[in-house]
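Worksheet for the structure shown next.
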Amino acid sequence: MRDTLRAAYARPRGPRAHRAVALLAAALCSAPLATVAQDAPFPVAAWSRTEAGNETRGSPAERGAAVFNNWCSACHSRGPANAPGTTSLQFKYQGKLPAALEDRTDLTVEQVKFYVRNGVATMPHFRKTEVGDADLDALAAYLTRPAPR
């Protein structure tokens, strides 16, 4: 009996098991990100996370959309399903303000920069090595852009 339990709980070993675990982890991690990328309001740029703000292609708001997609959308995407930041803001504002940051019209550049650099509640702060100053400027331009009329 003891040998049977040991065999049932034994970890797989060897290169095949490691490869299978790595493939499974990659599949589980990439599926939600693909869904978020499809909902981006602007085409997601092909530049890297730390270079979007330094690019000269596109408007600052378009570059900011790429920064938002890379760094913020996992928690702050539209629709509270699987977006803990949006869910938290929905609970906080009780419908008085939009929960999705992309739908807000009351945000200021200073607010965006403050919360990104300092964090709030369970949201972590982001260092300059993660979200550079140029990326932060682009993100602030995106989140404070005039509402579409």
Checklist entry - For GLY64, are the conditions met, namely being of a type outside the set (S, T, N, Q), part of a helix (DSSP H, G or I), surrounded by 15 or more Cβ atoms within 10 Å (Cβ to Cβ) and modelled with pLDDT under 80? => result no
- Query: Does VAL109 fit the bill of being within 14 Å of GLY64 (Cβ to Cβ), free of Cβ contacts under 8 Å to residues at least 40 places away in the same chain, under 14 Å from the mean Cα position of the chain (by Cα) and surrounded by 11 or more Cβ atoms within 10 Å (Cβ to Cβ)?
  - Reply: no
Given (1) touching a residue at least 12 places away in the same chain (Cβ under 8 Å); (2) over 14 Å from the mean Cα position of the chain (by Cα), GLY95 misses just (1)
Within the stretch 103-125, residues being modelled with pLDDT under 95, over 16 Å from PRO84 (Cα atoms) and polar (S, T, N, Q) number 1
Here the residues within the stretch 81-104 that are outside any helix (DSSP H, G or I) and in contact with a Leu (Cβ under 9 Å, 6 or more places away or on another chain) are LEU97, PRO98, ALA99, ALA100, ARG104
Cβ pairs under 6 Å, 6+ apart or interchain, first in the stretch 57-75 and under 16 Å from ARG117 (Cβ atoms), second β-branched (Val, Ile, Thr), ordered by first then second residue, are TRP71/VAL131
Q. Is at least one residue of the stretch 132-147 in a loop (DSSP other than H, G, I, E, B), within 15 Å of the chain's Cα centre (by Cα) and more than 12 Å from CYS72 (Cβ to Cβ)?
A. no
Here is a check on your reading of the model: is TYR93 aromatic (Phe, Trp, Tyr) and at pLDDT 95 or above? no
Can you say whether ASP135 is charged (D, E, K, R) and surrounded by 17 or more Cβ atoms within 10 Å (Cβ to Cβ), as far as the supplied structure shows? yes
Counting only residues in the stretch 76-96 that are crowded, with 18+ Cβ neighbours inside 10 Å and hydrophobic (A, V, I, L, M, F, W, C), the one farthest from ALA65 (Cα to Cα) is identified as LEU89
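The values are calculated or read from the model by the stated rules, or taken from the named source; none is laboratory data. Since this is a predicted model, take the numbers as computed values, not measurements. No Cβ is skipped: glycine too gets one built from the backbone with ideal geometry, and neighbour counts run over all protein chains shown.
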